[in-house]
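The values are calculated or read from the model by the stated rules, or taken from the named source; none is laboratory data. What you see is a predicted model; the values in this text were computed from it and never measured. Neighbour counts run over all protein chains shown; Cβ positions are idealised from the backbone, glycine included. For accessibility, only protein heavy atoms count, side chains too; no ligands or nucleic acids. Shrake-Rupley method; radii C 1.70, N 1.55, O 1.52, S 1.80 Å.
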There are 2 protein chains.
Amino acid sequence: MRAQNNSKSRAVAVLPLLGWIADYSRRDLSSDTLAAVIVTIMLVPQSLAYAMLANLPPQVGLYASIVPLIGYALFGSSRALAVGPVAVVSLMTASAIGVVAEPGTAEFMAAAVLLAALSGVFLFALGLFRLGALATLLSHPVVSGFMTGAAILIALSQLGHILGLPLSGSTLPAFWQSITEIEAGPNLVTSIIGIATVAFLFAVRRYLGGVLRRWGLSAFLADVVVKAAPVLAVIASVVAVGALELSSRFGVAVVGAIPGGLPPLTIPALDPGLIGALIVPAMLISVIGFVESVSVAQSLAARSREKIDANRELMGLGAANLGAAFTAGYPVTGGFARSVVNHAAGARTPIAGIFTAALMALTAIALTPAFHNLPNAVLGATIIVAVLGLVDFRSIVRTWRYSRADGAALIVTLALVMIEGIEAGILAGVALSLALLIWRTARPHVAVVGRVPGTEHYRNINRHEVLTDDAVVAVRVDESLNFANARALEDQLVGLVADRPAARHLVLICSAVNAIDASALESLEALNARLKDSGVDLHLAEVKGPVMDRLTGTEFLQHLSGAIHLSTHGAMTALATDPSSGRVSAYIASNTDGSAPASASPPSTAKI
Amino acid sequence: MRAQNNSKSRAVAVLPLLGWIADYSRRDLSSDTLAAVIVTIMLVPQSLAYAMLANLPPQVGLYASIVPLIGYALFGSSRALAVGPVAVVSLMTASAIGVVAEPGTAEFMAAAVLLAALSGVFLFALGLFRLGALATLLSHPVVSGFMTGAAILIALSQLGHILGLPLSGSTLPAFWQSITEIEAGPNLVTSIIGIATVAFLFAVRRYLGGVLRRWGLSAFLADVVVKAAPVLAVIASVVAVGALELSSRFGVAVVGAIPGGLPPLTIPALDPGLIGALIVPAMLISVIGFVESVSVAQSLAARSREKIDANRELMGLGAANLGAAFTAGYPVTGGFARSVVNHAAGARTPIAGIFTAALMALTAIALTPAFHNLPNAVLGATIIVAVLGLVDFRSIVRTWRYSRADGAALIVTLALVMIEGIEAGILAGVALSLALLIWRTARPHVAVVGRVPGTEHYRNINRHEVLTDDAVVAVRVDESLNFANARALEDQLVGLVADRPAARHLVLICSAVNAIDASALESLEALNARLKDSGVDLHLAEVKGPVMDRLTGTEFLQHLSGAIHLSTHGAMTALATDPSSGRVSAYIASNTDGSAPASASPPSTAKI
């Protein structure tokens, strides 16, 4: 029995599907079916639009919305995440494969498939080896700066489609270059269609939900109608283009003939040169896609108190991308809006994703002729309206206000993404985040403390009115001790003692010291020796259990000139040689007028 | 008056010399003179030997011991540091310029001069812009591993000189390669001289000091005689080679003719290609030289309770290297043994260094013919004995025992220095140190805490016998919150709550949180939202002043479902809904026999 359970739980660990498929009910079935229908309505125009954004043929968007969804359903852990093409990953794909091949060629498509394969292998391996934590190297300011920069680039890239102009360029300078090379003006009819669609979609997004709710629709239904608005624009524009022959008479660019049928099988070509060129973009696409996807999955899971296993998510996304690689797709990840709709529509199990895949397959088989007259301008408009929600200038201001360093990391990433390109921007942002982390730990907050009169509490002498002793300097270091700060700290502490000729004891309060690395241990030994040479004993107080465990048996502890004290108060009481030397330190309040506080005269009962 | 003082203190800040020259006394003069004489006796053989180690002509070692000392005396802050050629920097020089030129050519010498110039500019600029903290990127394990590896390489590189064999190679594989290419056996007479000198120097170092002290010499004088032993070996070998014609009759390699006179003026050739090839080695030489030098200076300064200003040291070493660059020298830094002798001999001011420079100039002018018959084997022996003191296997064991991570960084650096070369080793070590720092901060210690019965203290439920409350989970995080740990922590905390279905409040104890970066703030917001969705309120307790200052006004604080509590006890008292639910958590002592401790039954008076 136990063996059976074990083998079952092991099987569930590999394929989570097995965990819920036995309990699948008719009610689950109807919920999942409804969710799949609604998600499909959103996904059809999105998949066509994002394929266009990636400079790939429209059917590739449809293909990327079939098998990848099944791959995720088999390996992923979220019940609501809707996987498929998304805007940012599509832009990154265009940028990565644009370097190695020309859009429209067979090489371009082969590169897209290889990029999906590399991304799939990388994600699956990260999940398998439980290395999801690597994604944390992308700090929030870097992701935020990247998202805003990428969204602006995406919106600009669609201006050409909306206005019927030959604009391109994956960075601001390249885009500007393509503007200077324009020879003819915008296509009038295309511009009318494009601008009208943008205005329609914005209006729907801003007002329709409220109007529908006032008409008595439930919040959920109102939201579904709003999210389905692009389909309305697609249908209306297809009808208009067909009826008025806008394509042949006015040169409105349309999607054109899409080959119908299920995706062909593709085998990614393992060309070492191509792999070398695509490996870094594939890793960045994977990590960015994962970070975005997992945060959606987590926020949806929290609503039902479920857990999302980040490593399982990695494997799910890896399987999805491998699915894309073998069926003529391109890199995919979890989409924000689709997943929220999927969850709201009641998706109970990953079966909803499999149903969506089936409906997308039907679309690819039967409905492609219907998109022949779909104007590119309408697809461009849906992209612009979707991505402008990613532009977050408020986050820049908020981050800058909260921390100049984080704000700088955000702005540098944003600027470099737009000027130098996506990869340079992300990599510079990551390097800057790491540098800032080291910079922060290298400059710890150090406070000389004194006793708050009448208590056993010790506080910063520069912030509080406290009692000090000339012979004992008590210093609190608010940081773990490591190689980045140890030497500077050593000098700072020696300097503190050198400035106080009467000092005979230095008490290092370690209440905020969570770890001491080997460099810091060496510095403590050097500090101990340097202080000893100056006739000052070094003491430690409030050393944490795990830190003390490590220090036990080290030469530092054997050589320590002073002692280890459990509490700061214990140390100060033991070391104060002359009870009458107690005095109140200068109290420097930020709003002081310079006069000494009333209680600043040395109390005769002061012990320290 | 004030203006005068200001201008004087500003002048002293530029040239520290001006600070003490006015008070210079006759007693200072005699102390400094004695120190200079003793240091010169050590420095002459060292400068010849280290030039040989750097594959440079012997006079270059003498030149590097004249003007650089004056440069340091003018700009440095240590009164005892003895600057000049040192072993490790000589090896690094040989390794760096060996890549761009052949030993013995004019290009080789030009590269040495350029390397000194680059190093001088880099050091001076670091000091000027107060960037000495950059040196902390070299963690102690990396420096320690580098030193041991470099010392082993240096000792091996001298084996050829000692045995009269054509051995070379700046890495273990290259050295092994040169062994396999040997065609003839060792030179017998050279081997006898070399091995005898090594044995003599080791014996002197180990026994002579004790013997001399037993004979009644002062510890200082005994030490001087021991340190001067290489000079005895030099004199004895020069006499023996001359008297017995060992060079012409037995083929003993000797230093040969050294051009006499003061160093020529050299202008470093600013060849962009050469600069590009030497800039990284120059930076590494600078930083390694600085780290070693400043630690010597600091330990000597501590004995007289003086302060060493790291940025001033950088400028002093920068001036010394610029001095080397313009007078046919090569990179220099502060030497350990020489500086200790200088201090012990009573060097009072940097004048001692200037006197040493003058004596070295006299040596270069008048004494070079005396070194004609000096066997290379004797110089090789002095190098081997000097550097084997740098090999520190105990440090490897000690570091590994203290911390596996730091031990691994040390061993990787040591192995790569010996196998791949000095630069690859140091750079890999630095990268590994940074990765470990991030790794450590990414995996904070998190403890669920409970109340120690009868107190207001809260301790880890896994380590102590404490009272907990089903509705309130109190968690202490022993690390600052930043992008490297925020997401994992968010998941961990959500998981803790998901495992406790009765939980209604999560109290995050921030006593060890020294900072919260923008990513962590975002994660706290997400945590707050995720917990709210699960019906759990998030509370903070013991938030530090500077952290609270930052949080004030953020949206996180406005959205916080719970409250900010001054103390953990305050939070627990306020949140415990049912006083009778208090219970004692399982107490897991490491030596428990499984039986519950006597006091483990729930006390009826428990409040939490």
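Quick notes on this one:
- Conditions (1) at pLDDT below 90; (2) part of a helix (DSSP H, G or I): number failed by A:LEU201: (1)
- For the residues A:ARG476, A:ARG504, the requirement of being within 11 Å of chain B (Cβ to nearest Cβ), open to solvent by 10 Å² or more (accessible area, probe 1.4 Å) and either over 22 Å from A:LEU566 (Cα atoms) or at pLDDT 90 or above (or both) singles out A:ARG476.
- Candidates B:ILE396, B:ILE365, B:ILE383 - the one that is within 22 Å of the chain's Cα centre (by Cα), over 21 Å from B:VAL296 (Cβ atoms) and touching a residue at least 12 places away in the same chain (Cβ under 8 Å): B:ILE396
- The set of residues from the stretch A:552-569 being part of a helix (DSSP H, G or I) and open to solvent by 40 Å² or more (accessible area, probe 1.4 Å) comprises A:GLU555, A:LEU557, A:GLN558, A:HIS559.
- The lone exception for B:ILE66 - which of (1) of a type outside the set (Gly, Ala, Ser); (2) surrounded by 24 or more Cβ atoms within 10 Å (Cβ to Cβ); (3) more than 20 Å from B:ALA357 (Cα to Cα); (4) away from every other protein chain (no Cβ under 14 Å) it fails: (3)
- Criterion (among the hydroxyl-bearing types (Ser, Thr, Tyr) and exposed (fewer than 15 other Cβ atoms within 10 Å of the Cβ)) met by exactly one of A:SER191, A:SER218, A:SER247, A:SER237: A:SER218
- Where helices (runs of 4 or more DSSP H) fall entirely within the stretch A:359-420, those with at least 2 residues that are of a type in the set (A, V, I, L, M, F, W, C), within 14 Å of another protein chain (Cβ to nearest Cβ) and surrounded by fewer than 21 Cβ atoms within 10 Å (Cβ to Cβ) are at A:393-402, A:404-419.
- Matching residues, the stretch A:484-493, being in contact with a Leu (Cβ under 8 Å, 6 or more places away or on another chain) and at the interface with chain B (Cβ under 7 Å from one of its Cβ atoms): A:ALA484
- The residues on offer are A:SER299, A:SER237, A:SER286, and the sole one that is in a helix (DSSP H, G or I) and within 14 Å of chain B (Cβ to nearest Cβ) is A:SER299.
- Residue in the stretch B:127-134 that is away from every other protein chain (no Cβ under 14 Å) and open to solvent by less than 60 Å² (accessible area, probe 1.4 Å) present: yes
- Only one of the listed residues (A:ALA435, A:ALA424, A:ALA431) is over 30 Å from B:THR552 (Cβ atoms), within 14 Å of chain B (Cβ to nearest Cβ) and among the small types (Gly, Ala, Ser). That residue is A:ALA431.
- The set of residues in the stretch A:440-459 that are within 9 Å of chain B (Cβ to nearest Cβ) and of a type in the set (A, V, I, L, M, F, W, C) contains only A:ALA442.
- Within the stretch A:240-266, the set of residues being in contact with a helix residue (DSSP H, G or I) (Cβ under 7 Å, 6 or more places away or on another chain) and outside any helix (DSSP H, G or I) comprises A:VAL252, A:ALA253, A:VAL254, A:VAL255, A:ILE258, A:PRO259, A:GLY260, A:GLY261, A:LEU262, A:PRO263, A:LEU265, A:THR266.
- Residue in the stretch B:330-350 that is nearest to B:ALA111 (Cα to Cα), counting only those that are open to solvent by 10 Å² or more (accessible area, probe 1.4 Å) and assigned to a helix (DSSP H, G or I): B:PHE336
- Meets criteria (within 14 Å of another protein chain (Cβ to nearest Cβ) and in contact with a helix residue (DSSP H, G or I) (Cβ under 8 Å, 6 or more places away or on another chain)) for A:PHE175: no
- Going through (1) open to solvent by less than 10 Å² (accessible area, probe 1.4 Å); (2) within 25 Å of A:SER299 (Cβ to Cβ) one by one, B:GLY450 falls short only on (2).
- Number of positions in the stretch B:251-288 that are open to solvent by 30 Å² or more (accessible area, probe 1.4 Å), under 19 Å from B:ALA49 (Cα atoms) and not hydrophobic (A, V, I, L, M, F, W, C): 2
- Scanning the stretch B:460-473 for residues that are without any contact (Cβ under 8 Å) to a residue 40 or more places away in the chain and either within 10 Å of chain A (Cβ to nearest Cβ) or under 41 Å from the mean Cα position of the chain (by Cα) (or both) yields a total of 1.
- Residues (in contact with a Leu (Cβ under 6 Å, 6 or more places away or on another chain) and either away from every other protein chain (no Cβ under 11 Å) or assigned to a loop (DSSP other than H, G, I, E, B) (or both)) located in the stretch A:532-551: A:VAL536, A:LEU538, A:LEU540
- Looking across the stretch B:507-531 at every residue that is part of a helix (DSSP H, G or I) and within 36 Å of the chain's Cα centre (by Cα), the one that is farthest from the other protein chains (Cβ to nearest Cβ) is identified as B:ALA520.
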